[in-house]
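Report on the structure given below.
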Amino acid sequence: MKKIRAAALLGVTALVVTGCSAGGGGGGGSADGTGPIKIWLSNNEQEVEWGQSVVDAWNAEHPDEKVTAQEIPAGSSSEEAITAAITAGTAPCLVYNVAPAAVSGWVKQGGLVNLSEIDGADDYITERGGEVDSYSTDGAYYQVPWKSNPVMVMYNKALFQAAGIDPENPQMNTYDAFIEGSKKIVASGVQSAIWPAPTSEFYQPWFDFYPLYLAETDGTMLVEDGKATFDSDAGRTVSDFWSTFYQEKLSPNEASTDDAMSAGTTAMQLAGPWAIPSYADTVDVGFMPVPTSDGRENPTTFADSKSVSMFTACENQGTAWEFLKFSTSEESDGQLLEATGQMPMRTDLTGTYADYFDANPNYVAFAEQAENTADVPSIPNSVEAWQAFRDEYSSAVIFGKESIDDFLKNAAAKVDDLVAE
């Protein structure tokens, strides 16, 4: 069963919807209404192709309930476009790119349908996804957890080999071993051992500090019960680990000007299965779990997941629910996996899609990791809280301008204030 501890991530795109005011949504749809519906898909090319094929299959069997698909309108983020559509009452029936941490704000805005009020919906959601209670809002589901991209360490096997590290069994699961291996990589002539983005965007902690913090704490979120958790021994241990990389020049504190993995200027990065196709023709990649101080087996990592939600502007909600089930069925999920390599959020992935994983062994590690993930907490002022954390982290860990203790204390105080508003 999946270990998922929070309403999930916002995605790599910026989440601009927090603390939305009530109102909007354009309600008036019928839970029993049937007829044409519109859906929005992410602008990922493979997802668009998957979505259109599912729509075509549905439309062939349901000529009176035609589904029309389009990409989410352009904006600085998907969430911004969705929020604007809710406000204008022009949201589609379904969106297949919902950042779970945005859901509570959209519920307050009046934009989302309470799926738990649909007969059989709760059973469908839990039977498909397993332990997904953390995706509920006020005890009800306003989203169907859909897919995840568990973050792991992706590495260049050739560069490991050149550094004297066994590319098939790197044995870098402890902090000490990971640092030792990283020193060998840089000593071999590679510019960077691992190159997390050192930029200031609020979501960057999800690809350096946060996966290791989740691993070190067995899934403790950045905020729990309204309080920051990271001003702790575990937070200090993770911060010291990353600080070592910058202090000892194992990771640059400036951004790469190109794709460092493709260019061979870094041997490792933190990434999900979405990254595999990017290097299919350029880099022989391997994968390993994020390290922990004690090298524990099966560490928790960041899920990087997305959901599907139904919007109150939808007139034909009966059709929307039936299509939502159709598009998240075992068959459709298998087609999503085939098309994108992203992990459907359902139980027993490797057993259900054994043929796929036999044919695509690079994805097996991510399927297994998908059973042990956690996400960002659903909190007020989410973006502001993560930004406050990032600013303090950057000052202390990346640039060494303040102590780790001061960073943790100051960031925790700022996050607590923002969450309490």
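Using a Gaussian network model of the chain whose springs link C-alpha atoms within less than 10 Å, name the residue from D259, D375, D405 with the highest mean-square fluctuation.
Result for the chain, Cα springs under 10 Å: D259 fluctuates most.
Determine the gain in length on full extension of the stretch N59-E224; use 0.36 nm per residue of separation and subtract their C-alpha separation, reporting nm with one decimal.
Net length gain for the segment: 55.0 nm.
Please report the antiparallel percentage of DSSP beta bridges with both residues in the chain, rounded to the nearest 5.
So the antiparallel bridges in the chain amount to around 60 percent.
With the contact rule set at Cα under 8 Å and sequence spacing of 6 or more, what percent relative contact order holds for the chain?
30
Compare the Cα positions of Y210, S256, L222 along the charge dipole of segment 210-276 (+1 at Cβ of Lys, Arg; -1 at Cβ of Asp, Glu; about the Cα centre) and return the one farthest towards the positive end.
The one lying farthest along the dipole's positive direction is S256.
Give me the dipole magnitude in Debye, nearest 20, for the chain about the Cα centre, with unit charges on the beta carbon: positive for Lys and Arg, negative for Asp and Glu.
Dipole about the Cα centre, nearest 20: 720 debye.
To the nearest µm²/s, what D does Stokes-Einstein give for segment 326-403 at 4 °C and 1.567 mPa s, using the Kirkwood radius over alpha carbon pairs as Rh?
It diffuses with D of about 84 µm²/s by this estimate.
Given the pairs K249/K306; K108/K401; K183/K414; K306/K414, which span a C-alpha to C-alpha distance of over 31 angstrom in this model?
K249/K306; K108/K401; K183/K414
Which residue, chosen from A101, F389, W50, occupies the Cα position most advanced towards the positive end of the dipole of the chain, where the dipole is computed from +1 (Lys, Arg) and -1 (Asp, Glu) charges on Cβ about the Cα centre?
Working it through, the farthest residue towards the positive pole turns out to be F389.
Relative to the Cα centre, what is the charge dipole magnitude of segment 367-410, using +1 at the beta carbon of each Lys and Arg, -1 at the beta carbon of each Asp and Glu, and rounding to the nearest 20 debye?
160
Just to confirm the number: angle between the C-alpha axis of helix 382-393 and the first principal axis of the chain, 0 to 90 degrees, nearest 10?
10
Would you calculate the convex hull of the Cα atoms in the chain and tell me its volume per residue in Å³?
Residue-normalised Cα hull volume stands at 127 Å³.
What is the distance in Å between the Cα centroid of segment 385-415 and that of segment 262-285?
Each part's Cα centre sits 30 Å from the other's.
How far is helix 404-420 tilted, in degrees, relative to the longest principal axis of the Cα atoms in the chain, given as a value from 0 to 90 rounded to the nearest 10?
10
Mind running the shape call on segment 173-315? Use the C-alpha gyration tensor, a ≥ b ≥ c as the square roots of the eigenvalues: rounded below 1.5 for a/c, prolate if a/b tops b/c, oblate otherwise.
Oblate.
Residues with amide H under 5 Å of K147's amide H, sequence separation 5 or more or different chain, H placed in the peptide plane at 1.01 Å from N; which?
Those lying under 5 Å, H to H, from K147 are K306, M345.
For the pair E45/A88, report the inter-label distance in nm, with labels modelled 7 Å from Cα in the Cβ direction.
2.8
Between D133 and E297, what's the calculated FRET efficiency when r is the beta-carbon distance and R0 is 25 Å? Round to 0.05.
For R0 = 25 Å, the calculated efficiency reads 0.50.
Would you please give the residues with an amide H less than 5 Å from that of T373, counting only those at least 5 places away or on a separate chain, with H modeled from the backbone geometry?
K3, T301
If you build the Cα gyration tensor of segment 26-157 and take the root of 5 times each eigenvalue, what three semi-axes come out, in whole angstrom, biggest first?
With the √(5λ) rule applied to segment 26-157, the semi-axes are 23, 20, 18 Å.
Need the full-extension length gain, A140 to T244, defined as separation in residues times 0.36 nm minus the C-alpha distance. One decimal, nm.
Additional length available on full extension: 33.1 nm.
How much length would be gained if the chain were fully extended between S232 and D166, taking 0.36 nm per residue of separation minus their Cα-Cα distance, in nm to one decimal?
Contour length minus the Cα-Cα distance gives 20.3 nm.
May I ask for the Kirkwood hydrodynamic radius of segment 283-367, worked out over all distinct Cα pairs and given in angstroms to one decimal?
Computed over segment 283-367, the radius equals 15.5 Å.
Rank A354, A31, A365 by mean-square fluctuation in a GNM of the chain with C-alpha springs under 10 angstrom and give only the top-ranked residue.
Largest GNM mean-square fluctuation: A354.
Using only the Cα atoms of segment 162-225, build the gyration tensor, take square roots of its eigenvalues as a ≥ b ≥ c, and label the shape rounded, prolate or oblate: rounded if a/c is under 1.5, else prolate if a/b is larger than b/c, else oblate.
Oblate, because a/c is 1.5 or more while a/b does not exceed b/c.
Where does helix 45-61 land angle-wise versus the long Cα axis of the chain, in degrees 0 to 90, nearest 10?
Taking the Cα atoms of the chain, the angle to 45-61 is about 20 degrees.
Rounded, prolate or oblate, given the Cα gyration tensor of segment 83-234, with a/c below 1.5 counting as rounded?
The shape class here is prolate.
I need F366, F311 ordered by Cβ neighbour count within 10 Å, fewest first.
F366, F311
Which Cα, out of A85, L41, P63, lies furthest along the positive dipole direction of segment 40-96 (beta carbon charges, K/R +1, D/E -1)?
My answer, from the dipole projection, is A85.
Quick note: the coordinates plus some simple rules give every number you see, no bench work behind them. Nothing here was measured: the structure is a model prediction, and the numbers come from that model. Using ideal geometry, Cβ is built from the backbone for each residue, glycine included, and neighbour counts are taken over all protein chains shown.
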